[in-house]
Each structure stands twice: as C-alpha cells, then as structure tokens.
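Trainee: The structure's right below; bear with me while I get my questions together.
The values are calculated or read from the model by the stated rules, or taken from the named source; none is laboratory data. Remember, predicted model here, so these are calculated numbers, not experimental data. Every residue, glycine as well, gets a Cβ built from its backbone with ideal geometry; the counts of neighbours run over all protein chains shown. Only protein heavy atoms, including side chains, enter the accessible area calculation; ligands, DNA and RNA are left aside. Shrake-Rupley method; radii C 1.70, N 1.55, O 1.52, S 1.80 Å.
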Amino acid sequence: MTHTHAPTQPPEPTKTSLLHVAGFPYFLVAFVARLPFAMMVVGVLTVVVSARGSLSLGGLTSAAVGLGTACFGPLLGAAADRFGQRGVLVLLAVSNATMLIVFTLVVYSGSTDAFVLLAAFGIGATAPQVAPMSRSRLVAMINERMPERTRVRTVSRTMAYESAADETVFVFGPFIVGVAASVIAPWAPLVGAAVLTVLFVGAFALHPSGRHVSQERDADGRAPSKVTELFRPQLLVVVVGILGVGIFFGTMLTALTSFMADRGAPEQAGVLYGVMGVGSAILALGVAWLPPRFSLRARWLVFSSILLLGSLFLAVVDTPGAMMVVLGVMGIGIGPTLVTQYSFGAARSPLGRSATVMTMLGSGVIVGQSIGAAVTGEIAEKLGTTPSLLLPMIAAAIAFLAGVVNWFLSRVQIRTR
C-alpha cells in the first residue's frame, strides 16, 4: 500500500503582539520621523509671508509643496515596493533636507517668485512620507509574521494607532512651527525640519525592518499584480475620500485662523484646533474596539456624516466657545473616518503594492491640506471669514459622498489578505 504525504507547510507564526514583532524603538523613531512632514506646509507658508510679505504667495507656495507630493509621492511608493524602503528613504532624507535649506535661502535671497515656487515644489517632490511607509511595513509584518487568526483585529488596531499618530503630529507640527518662528526666527522651523529629517527619517530608513521586501513580490522584485489594479474604482474612491479629509484639515485650520484674527487673537487658533485634534486622536484609537459587525463601509458613512453635520454649524458660530464645541463634535467624526479609509486601503492594496497604495493615500492628505490652505487663504483675505468657513463644509461633503459611493462598491465582508 502506498501513502500520499501532503507537502510540508511552514509552521504558523507564533508571535501575537505587533509591539514584540516590530519593537518599541521602531514606533518611537517612526513617530518622530513624521514631524518634518507635518511641519513643511505651515513652515513654508510662515517663512514666505514673513520674508516676502504676501499671504497670496504663501498660499501658492504651500500648494506647490502639495503639487510636488502629488506628482512624485506615489512614484516613490512604487520604488519602495520594487526595491525596498531603505535605499529610497535614505536618498529622500538627504534630498529633502537639502531642499528645505535651499528653499530658505531662495526665499531670503530676493529671487523671483518663480524660483520660490520651484523650490517649494522640490520640497514636496522629495518629501519622505514616513507615515504611509510605516503602515506598509506594519501590514507586511502582520500578514507574514503573525498568526492568521489575529491578523484582521491587529490590522484594525494598527490603522487606528497610525491615524492617531498622524493626528497628533498634524496638531503639534503647526504648534512647533509657531513656537520656533516666534522664539527664534521664521526660518527656524524649516531648518529644524531639515535636521529632524536627516536624523529620524535616516534612522527610520536604517531600521532593520527597512530591509524587508514583501513576500508577495516575485524573485526579481516585481509585483504579481498589474499597475492597472491601482486604478480600480474600489481603490480610487478611497483616494477621493481621503483627499476630502486632507482638504478639510487645510480649510479648517486656515479658516479658524481667520476667525480668531477677527477677534484679535490669531495665535489662539492652534489651541482651538488642538481641541479637534486631540478628540480625533482619541476616537481614532477607539475604532479598534468597535465590534466587527459594525462594518468598515458603515463606519465610513456614520463617522463622515458626523463630520458633515458638525461642519454645518460653522455657518452660525460667532464665539470662540461655540467654535470649540463645534470642533469637538467634528473631532468625533474625523479621526474614525481617517482610520476607516486607511483600513480600506490596506484591504484593497493589489498584491505587492502596499507601499504604493499607502503613499497614494498619504499624498492625498498632504495635497488636500495644501490646496485647502491655499484656496481658503485667498478667500479669507479677499472675501472675509464667513465665506472661508463654508469650505470645510464642502470638504466634509466630499468625504461623506465618497463614503456613499464606497457603500455601493463594497462587499458586505471586508477581509485583509
């Protein structure tokens, strides 16, 4: 009698804690390495307005940073997928720090506005997007080094943590810019961002996890999925939704600054904005404990509707106290919406292209923030605060409508690989 033996399967990974898999230093370095990215848009705006005395040019310069990120961010993510993150990030850390210094020198040198905009574009084009790279690394670790029974829950918790970390740096980034510009000089935030980029983005690049290339890649490093899969409606709707969130960030902060300037306290805008940011970060972390039967597509609709409803009250607020309440309500919606969108991105990434997808989503946030800040600054300067407060409503509507479209594009069960 002959016996047929099934092929030997590799033992299932036994580590059930992502903190154990990645290590605490990884999370610390990855957190601090995000700060330069969060400081860029506001830092560029601050130094241009100070040195050139033009809010309009400052807004255009911020938009140029976003345009550079939009053009090159996804390509850099694709390069990281193809060749690994380490080499790509080391090159970007040096290039971006250099561009931050070059931009500062160009602004103060009296060069034409065209050179200022070109240097700002270079900052965006070389921006090392640590947040999406980190998400890609962590999802790869979960899928390849943790037991299958824990992966779905761990991915949800990881996206919650990553989004809360993003919220935190996007609140403290502008705050650090304001303090450094006030205490030292307007150029100080960009020089500080350059130093942080070299030290911490470099450390993030050289972390042992930076050598890892997804097992989904073929032996020659190529992805088994086609590039066209990045343009599927199910993925593009997530990009549009997260772009709406980015636009909301840019429009809300700029309109809030105008609102407080009308009351003689523009420096307090960051404090009020922090109310929304802190609440958003806390709620983002809470998403990980929502019951599985509360599906991802339902979460997107529910929390983006809270954001939209809260934004409608911006049309009637007339005191800082009322504004604080409205910001608190919107914070309930914005954090969980962002977490859900990133979770969809992780679930819908084509095989071997997770860094590309995460960079597309990260670019959507920064591009939206840049465009929102530039347009809102123009409207606030020319038409006043009241019209500028309508723009966060439009941004919230974009995020909500994308959620409606996503509802019909989604399957009832969303599963990660």
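Trainee: Would you check if I414 is open to solvent by less than 10 Å² (accessible area, probe 1.4 Å), modelled with pLDDT under 90 and either closer than 19 Å to T158 by Cα or assigned to a helix (DSSP H, G or I) (or both)?
Mentor: Taking the combined requirement at face value, the residue does not satisfy it.
Trainee: Does E162 satisfy the criteria of being under 30 Å from G331 (Cα atoms), out of contact with any Cys (no Cβ under 9 Å at 6 or more places or on another chain) and either at pLDDT below 75 or buried (at least 21 other Cβ atoms within 10 Å of the Cβ) (or both)?
Mentor: So E162 passes the test.
Trainee: Oh, and also: If you check S182, S156, which single one turns out to be hydroxyl-bearing (S, T, Y), modelled with pLDDT under 75, in a helix (DSSP H, G or I) and open to solvent by 30 Å² or more (accessible area, probe 1.4 Å)? Even if it seems obvious, please write down each step before you answer.
Mentor: Values: S156 fails: open to solvent by 30 Å² or more (accessible area, probe 1.4 Å).
Result of the check over S182, S156: S182.
Trainee: Let me ask something else. List every residue pair whose Cβ atoms sit under 9 Å apart, with the two residues 6 or more apart in sequence or on different chains, where the first one lies in region 323-334 and is over 20 Å from A265 (Cα atoms) and the second, anywhere, is polar (S, T, N, Q) and at pLDDT below 90.
Mentor: M330/S280; G331/S280; I332/S280; G333/S280; I334/S280
Okay, residues lined up against (1) open to solvent by 60 Å² or more (accessible area, probe 1.4 Å); (2) modelled with pLDDT under 75:
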{"residue": "V171", "(1), (2)": "no, yes"}
{"residue": "P174", "(1), (2)": "no, yes"}
{"residue": "G178", "(1), (2)": "no, yes"}
{"residue": "P189", "(1), (2)": "no, no"}
{"residue": "A194", "(1), (2)": "no, no"}
{"residue": "L199", "(1), (2)": "yes, no"}
{"residue": "P208", "(1), (2)": "yes, no"}
{"residue": "H212", "(1), (2)": "no, yes"}
{"residue": "D220", "(1), (2)": "yes, yes"}
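Trainee: Considering each residue of region 273-301, count those that are open to solvent by 30 Å² or more (accessible area, probe 1.4 Å) and either closer than 13 Å to G331 by Cα or under 18 Å from the mean Cα position of the chain (by Cα) (or both), and give that number.
Mentor: Matching residues across region 273-301 total 6.
Trainee: Next up: Residues in region 346-365: is at least one at pLDDT 90 or above and polar (S, T, N, Q)? Give the derivation first.
Mentor: Our first condition is that a residue be at pLDDT 90 or above; within region 346-365, this holds for none.
There is no residue in region 346-365 that is at pLDDT 90 or above and polar (S, T, N, Q).
Trainee: Say whether the condition of being over 15 Å from the mean Cα position of the chain (by Cα) and closer than 29 Å to L92 by Cβ is met by at least one residue in region 403-415.
Mentor: The answer is no, given that none of the residues of region 403-415 is over 15 Å from the mean Cα position of the chain (by Cα) and closer than 29 Å to L92 by Cβ.
Trainee: Separate question: Might you check whether a residue that is under 20 Å from A188 (Cα atoms) and touching a residue at least 40 places away in the same chain (Cβ under 8 Å) occurs anywhere in region 79-95?
Mentor: Yes.
Trainee: Can you tell me which residues in region 68-95 are modelled with pLDDT under 85, open to solvent by 20 Å² or more (accessible area, probe 1.4 Å) and within 20 Å of I371 (Cα to Cα)?
Mentor: A70, C71, P74
Trainee: Continuing with the same structure: Filter region 245-272 down to the residues that are under 17 Å from the mean Cα position of the chain (by Cα) and open to solvent by 10 Å² or more (accessible area, probe 1.4 Å) and list them by number.
Mentor: I247, F249, L253
Trainee: Within region 50-64, is there a residue that is in contact with a Phe, Trp or Tyr (Cβ under 7 Å, 6 or more places away or on another chain) and over 13 Å from P186 (Cβ atoms)?
Mentor: yes
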